[in-house]
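Written out below as structure tokens is the structure these notes cover.
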Amino acid sequence: MRQHTEETLTDAVIARLGKISDPRFKQLMTSLVKHLHAFARETKLTEEEWFEGIKFLTAVGQKCDDKRQEFILLSDILGLSMMVVALNHKTPPGATEATVLGPFFVHGAPEFEFGADMTKKATVPGEPTWVTGRVLTVEGVPIAGATIDVWQARGNGVYDIQDPEAEFELRGRVLSDAQGRYAFRTFKPAFYGVPTDGPVGKLLDAMGRHPMRPAHMHAIVAAPGYQQVITHVFVEGDPYLDSDAVFAVKDSLVGKYRKVDSADEAKKLGMPNPFHRLDWDFRLAPAGEAKARKSIAASDAVT
């Protein structure tokens, strides 16, 4: 058939997918076509509106470069990133929960020794903070040699990769020691707004939404034989915990940044007095458990 109506067009497009050899790709494309066509029918999408959508997506792509990923930001503010995380990272009880990666992760961050100072090259001042804790199994057994990859925005709400003069600032990797312990010096995170100078910022404004993210530290924690976790540690009491622009807050990931006013403790840690301290443990699930949970979920879906 060469002539299609709004009632027959969807089936005609799906029929053209019949030669796809990859069953998962076929499933994804079939569902995508169905939902796109259903969206157009439900909203009675006009040509002018669809062209505005095309212009918006074009602008999103044009805003992307090796330092900025506007499509990730778009996915984040629409809640799609957290939906994908929720579907794919159903952590067992006791394991650290996952959140979004965000658009500002970079590979190749420098590795620091236990207790090292990640603020030495800081171009923006902040509140000195000692971060320490352990990497453990869900049963509480220490995991030695785990990699903790951390990064956070500076005090002005800008990440290092957004500033050509601040490469690898407040960003680095540390390893857990034989007792599973890790420690480093940084600044207390501050809340900030996601970039609003691009099409995603205009979209937020059109939706009447603020761009703010509650203060947080990003972390990717990994160890051989365990599930890697991409997560945040949020600051207790932050005013944006209940309205995070990317919907990433989880109660289990809110940490207490305790203010310490002790000359003796400051001297012992090599910190100025007073300073802030975060004690935070990461708990990892066994690597095989993720596949097992997905298999069970798939089985349940079939039955």
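Quick notes
- Over the chain - Rg/Rh using Cα atoms and the Kirkwood inverse-distance radius: 1.04
- Range of Cα positions in the range 146-303 per principal axis (Å), largest first: 62, 51, 31
- The relative contact order of the chain comes to 19 percent, based on Cα pairs under 8 Å that sit 6 or more residues apart.
- Alpha carbon centroid spacing (whole Å) that separates the range 47-101 from the range 197-216: 13
- Accessible-area composition of the range 171-269, carbon plus sulfur, in percent [1.4 Å probe]: 50
- If both residues of a DSSP beta bridge must be in the chain, then about 70% of such bridges are antiparallel.
- The range 1-98 - percent of accessible surface contributed by carbon and sulfur, probe 1.4 Å: 60
- Residue-wise HN-Hα couplings along the range 171-185, as the Karplus relation 6.51 cos²θ - 1.76 cosθ + 1.60 with θ = phi - 60° gives them from phi, are 8, x, 10, 10, 10, 6, 7, 4, 9, x, 8, 9, 6, 6, 9 Hz; Gly and Pro carry x.
- Neighbour cut-off at most 15 other Cβ (10 Å), DSSP loop, chymotrypsin sites (Phe, Trp or Tyr not before Pro), the range 150-228: 168
- Probe 1.4 Å, protein heavy atoms only - accessible area per residue of the chain in square angstrom: 57
- Choice from 260, 33, 158 with maximal GNM fluctuation in the chain (Cα, 10 Å cutoff): 33
- Helix 47-62 and the long axis of the chain differ in direction by around 30°, with both axes built from C-alpha atoms.
- Hydrodynamic analysis of the range 52-179 uses the Kirkwood radius over alpha carbon pairs. Inserted into Stokes-Einstein at 20 °C and 1.002 mPa s, it gives a translational diffusion coefficient of 124 µm²/s.
The values are calculated or read from the model by the stated rules, or taken from the named source; none is laboratory data. Everything quoted here is computed from the prediction, not taken from an experiment. Please note: Cβ atoms are built from the backbone with ideal geometry, for glycine as well, and neighbour counts cover all protein chains shown. For the accessible areas, the whole protein counts, side chains as well, though only heavy atoms, and no ligand, DNA or RNA atoms are used. Shrake-Rupley method; radii C 1.70, N 1.55, O 1.52, S 1.80 Å.
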